[in-house]
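S.K.: One structure is given below, represented as structure tokens, and several questions about it will come after.
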Amino acid sequence: MIDPADLSVTLVDGYVDEPAHFGVPPYISTYPRFTAGALVDAGVPEAGITYHTIDELRDERRKWADVADADLLLYLGGMTVPGSYVGGTPAEPEEVRELAWVADGVSVMGGPIRFGVGEENAGAQEMQRRDLDYDFLAMGDVEAAAHDLVESGLEGFEDRYRDVDELDRWAERGAFVVEQHPNHPEYLICELETSRGCAYRCSFCTEPMYGEPDFRPPESVVDEVDALSDRGVRHFRVGRQADILAYGGDGEAPNPDALRRLYGGIREVAPDLETLHLDNMNPITVVTWPEKSREGIRIIAEHNTPGDTAAFGLESADPAVQEANNLNVTADECFEAVRIVNEEAGWRPGDDPAEAPTHGDSEARRASNASGGTASDAANRLPKPLPGIKLLHGLNGERTETFEHNKQFLRRVYDAGLMVRRINIRQVMAFEGTEMSEAGADIAIDHKERFKRYKREIREEIDRPMLRRLAPVGTVLPDVHLEYHEGGRTFGRQLGTYPLLVGIPGERELGRTLDVAVVDHGYRSVTGVPYPLDPNDASMDELTAIPGIGSSTAGDIVVNRPYDTAAAVPSPEVDFTTFTGGYPTDTQPNAD
Ligand code: SF4
């Protein structure tokens, strides 16, 4: 019998993307945290547990020694929805297999990879269960497998799910592992689990395989946040659930009291948190229980941070596709849910919530700009939670009209003056165990060309004007993390749920954060200049990025430096104070 106290365990995070769970950097999913906690609970000391992301292993070959030498290798990963990612690249099946080959000790893989693996991580594919040469594939909870395997002296385990007490303990005890994540502490966001499973049965979805929704008590989540916060985490997303509004209820109807205990508790134990976002909300809950939902949405908007997204899985606005795939919400119902969320949460810090949805041109903002207001007192931020719309293609019954139905739905939302924070359009992955496994990916493959065209049209016709409404010129995005250079510009994102990609003129040092004011809009990204912009220091590229400032005005601004006040800047077409924040407008010379 191997003494757990002597075991060395390596966790490799190949990243996860599931319908209701995300773990590609800067996110860390629950899997490595809960698994680390389960190992500690089984007697493995924290010092015996090493955690690496797949990107670390790609970048530093010497870290493969930790894979080779460990008594136990646990691979955690699996993509059950396709996506493209900036912060990390999920492990490809061949890399996962290589880990098993390199490992001298016992090897186990788990997480959503148990639902299946394709040829590569992409949409329009059929996924099959494969063990990729590991000793064990955990078909239940990988954290329970890790725990039981250690208790058995690495002999084996029965597939099972963890129970509520185990979850409480493992979540709290596993918090230490975040300190080993390469993004810790500044650029790391922890995905928080509030429930698994779903009351509905959409044809393509793997979430119902977790059973009926099973809610974690608020105290359990709050204790985990407390432990993570003690380990330096400042960014959280309540994202591991199919429907945040159903939290703590009977499985379908909202329970605002549970939401208040959850959100209030998180704020209490982590008063210094910088991001508190969520992910999924089911529009059918919003329209079926509108008053309770409005109350729940108000509670969320009161406690969360701006720029949040309540992702709505409409999937298709075509009634024929809805019918053929057990989709639970119609286009009309989803439209009504979008309206309700806009009315309750479509306001920005500094706005009067009663005026929601606000389009970023409020009195508060104008007054603040006029008085040289600082970033903290102006309604120049992104709104509180707004709906995101998820559309899925390649489903049973998809036809030419489906594409038109979807476009019409999005146009209707825009024309009604409402906002959505994000439109996510994907092609289906067909998993064994879901209804879509019969039809497979054939429809998605047949419609691939049409899909590409339609996606481009939506980006041009809907996304861009929507982005202008959501984040008008002058909107301030605090703490943009600078991630890469391209074409003489620096690109970065805030931490949070589906953050906007921000391009900033010039090549700035990467790995730092910068407050940015929006000056222009792409389809799914914005251009920004540093905020507050110092008129005595701004580059020509930054000045000309501001709408209304051409190269001749920018040249005048540079030549006539220095300026004691923002009002003295010669920019006849532009209210320069929009970008200068607290810089003096009409007072005496700046002390600097
Ligand atoms: S509502 Fe449908 S898509 Fe959403 S989690 Fe439930 S089964 Fe999956």
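The values are calculated or read from the model by the stated rules, or taken from the named source; none is laboratory data. Only a predicted model underlies this, so the values are computations on that prediction, with no experimental measurement involved. Glycine gets a Cβ as well: all are built from the backbone with ideal geometry, and neighbour counts include every protein chain shown. Calculation scope for accessible area: heavy atoms of the full protein, side chains included, ligands and nucleic acids excluded. Shrake-Rupley method; radii C 1.70, N 1.55, O 1.52, S 1.80 Å.
S.K.: Go through segment 380-413 residue by residue and tally those that are farther than 19 Å from Asp308 by Cα, in a helix (DSSP H, G or I) and touching a residue at least 40 places away in the same chain (Cβ under 8 Å).
M.R.: Here the count works out to 12.
S.K.: Something else: Do we find that Ser229 is more than 16 Å from the ligand (Cβ to nearest atom), open to solvent by less than 50 Å² (accessible area, probe 1.4 Å) and touching a strand residue (DSSP E or B) at 6+ places or on another chain (Cβ under 9 Å) in this structure?
M.R.: Answer is yes for this residue.
For (1) within 24 Å of Glu333 (Cα to Cα); (2) aliphatic (A, V, I, L, M), each residue gets a yes or a no:
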{"site": "Gly388", "(1), (2)": "yes, no"}
{"site": "Gly394", "(1), (2)": "yes, no"}
{"site": "Gly397", "(1), (2)": "yes, no"}
{"site": "Ile423", "(1), (2)": "yes, yes"}
{"site": "Asp446", "(1), (2)": "no, no"}
{"site": "Glu449", "(1), (2)": "no, no"}
{"site": "Ile462", "(1), (2)": "yes, yes"}
{"site": "Arg468", "(1), (2)": "no, no"}
{"site": "Thr475", "(1), (2)": "no, no"}
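S.K.: Give just the number: which of (1) over 29 Å from Arg201 (Cα atoms); (2) modelled with pLDDT of 95 or more; (3) among the charged types (D, E, K, R) does Asp3 not satisfy?
M.R.: (2)
S.K.: Okay, moving on. Condition check: modelled with pLDDT under 95, open to solvent by 60 Å² or more (accessible area, probe 1.4 Å) and at negative phi. Does Ser376 satisfy that? Lay out the reasoning, then the answer.
M.R.: Working: modelled with pLDDT under 95: yes; open to solvent by 60 Å² or more (accessible area, probe 1.4 Å): yes; at negative phi: yes.
Yes; evaluated as a whole, the condition is true for this residue.
S.K.: Going by what's in this entry, would Glu155 be described as open to solvent by 10 Å² or more (accessible area, probe 1.4 Å), touching a residue at least 60 places away in the same chain (Cβ under 8 Å), away from the ligand (no atom under 16 Å from the Cβ) and of a type in the set (Asp, Glu)?
M.R.: Against the criterion (open to solvent by 10 Å² or more (accessible area, probe 1.4 Å), touching a residue at least 60 places away in the same chain (Cβ under 8 Å), away from the ligand (no atom under 16 Å from the Cβ) and of a type in the set (Asp, Glu)), Glu155 does not qualify.
S.K.: Please state which one of Phe491, Phe451 is among the aromatic types (Phe, Trp, Tyr) and over 22 Å from the mean Cα position of the chain (by Cα).
M.R.: Phe451
S.K.: Moving on to the next point. Do you know which residues across segment 318-329 are in contact with a Ser or Thr (Cβ under 8 Å, 6 or more places away or on another chain) and either modelled with pLDDT of 95 or more or within 13 Å of the ligand (Cβ to nearest atom) (or both)?
M.R.: Correct list: Asp318, Pro319, Ala320, Val321, Gln322, Asn325, Asn326, Leu327.
S.K.: Report those helices (runs of 4 or more DSSP H) wholly inside segment 457-569 carrying at least 1 residues which are touching a helix residue (DSSP H, G or I) at 6+ places or on another chain (Cβ under 9 Å) and surrounded by fewer than 14 Cβ atoms within 10 Å (Cβ to Cβ).
M.R.: 464-470, 551-559
S.K.: Looking at segment 435-456 only, could you name the residues that are touching a strand residue (DSSP E or B) at 6+ places or on another chain (Cβ under 7 Å) and either farther than 25 Å from Cys202 by Cβ or not in a helix (DSSP H, G or I) (or both)?
M.R.: The answer is Gly440, Ala441, His447.
S.K.: Can you tell me which residues in segment 202-226 are within 10 Å of the ligand (Cβ to nearest atom) and in contact with a helix residue (DSSP H, G or I) (Cβ under 9 Å, 6 or more places away or on another chain)?
M.R.: Residues satisfying the conditions are Cys202, Ser203, Phe204, Cys205, Thr206, Met209, Pro213.
S.K.: Ok, one more. Please enumerate the residues belonging to segment 232-253 that are within 11 Å of the ligand (Cβ to nearest atom) and not in a loop (DSSP other than H, G, I, E, B).
M.R.: Correct list: Ala246 only.
S.K.: Anything in segment 93-121 that is modelled with pLDDT under 95 and polar (S, T, N, Q)? List them, or say none.
M.R.: Residue satisfying the conditions is Asn121 alone.
S.K.: Would you mind telling me which numbered condition in (1) outside any helix (DSSP H, G or I); (2) open to solvent by 10 Å² or more (accessible area, probe 1.4 Å); (3) within 21 Å of Val329 (Cβ to Cβ) Pro208 fails?
M.R.: Only one criterion is unmet by Pro208, namely (1).
S.K.: For segment 187-201, name all the residues that are part of a loop (DSSP other than H, G, I, E, B), open to solvent by less than 10 Å² (accessible area, probe 1.4 Å) and within 15 Å of the ligand (Cβ to nearest atom).
M.R.: Result: Thr194, Gly197.
S.K.: Another question about this same structure. With the structure loaded, tell me whether Tyr15 is at positive phi and either in a strand (DSSP E or B) or under 22 Å from the mean Cα position of the chain (by Cα) (or both) or whether it fails that test.
M.R.: For Tyr15, the condition - at positive phi and either in a strand (DSSP E or B) or under 22 Å from the mean Cα position of the chain (by Cα) (or both) - is met.
S.K.: Condition first: hydroxyl-bearing (Ser, Thr, Tyr), under 16 Å from Asn183 (Cα atoms) and either touching a residue at least 12 places away in the same chain (Cβ under 8 Å) or within 16 Å of the ligand (Cβ to nearest atom) (or both). Can you find one or more residues in segment 68-80 that meet it?
M.R.: Quick first cut of segment 68-80, residues hydroxyl-bearing (Ser, Thr, Tyr) only: 75, 80.
Remaining after also requiring under 16 Å from Asn183 (Cα atoms): none.
Scanning segment 68-80, I find no residue that is hydroxyl-bearing (Ser, Thr, Tyr), under 16 Å from Asn183 (Cα atoms) and either touching a residue at least 12 places away in the same chain (Cβ under 8 Å) or within 16 Å of the ligand (Cβ to nearest atom) (or both), so the answer is no.
S.K.: If you don't mind, there's one more thing I want to ask. Can you tell me which residue within segment 11-36, out of those that are within 16 Å of the ligand (Cβ to nearest atom) and crowded, with 24+ Cβ neighbours inside 10 Å, is nearest to Glu56 (Cα to Cα)? Quick ask: steps written out before the conclusion?
M.R.: Of segment 11-36, the ones within 16 Å of the ligand (Cβ to nearest atom) are 16-22.
The next check asks that each one be crowded, with 24+ Cβ neighbours inside 10 Å; those that pass are 16, 20-21.
On the way: Val16: 16, Ala20: 25, His21: 22 Å.
Looking at the filtered set, the residue picked out is Val16.
S.K.: Also, I was wondering about something else. Among the residues of segment 415-429, is there at least one that is among the acidic types (Asp, Glu) and either open to solvent by less than 30 Å² (accessible area, probe 1.4 Å) or farther than 30 Å from Glu355 by Cβ (or both)?
M.R.: No: zero hits.
S.K.: Here's something else I'd like to know. In this structure, does Pro254 turn out to be open to solvent by less than 50 Å² (accessible area, probe 1.4 Å), without any contact (Cβ under 8 Å) to a residue 60 or more places away in the chain and not charged (D, E, K, R)?
M.R.: yes
S.K.: Right, Val44: within 16 Å of the ligand (Cβ to nearest atom), part of a loop (DSSP other than H, G, I, E, B) and buried (at least 21 other Cβ atoms within 10 Å of the Cβ) or not?
M.R.: Values: within 16 Å of the ligand (Cβ to nearest atom): no; part of a loop (DSSP other than H, G, I, E, B): yes; buried (at least 21 other Cβ atoms within 10 Å of the Cβ): yes.
Answer is no for this residue.
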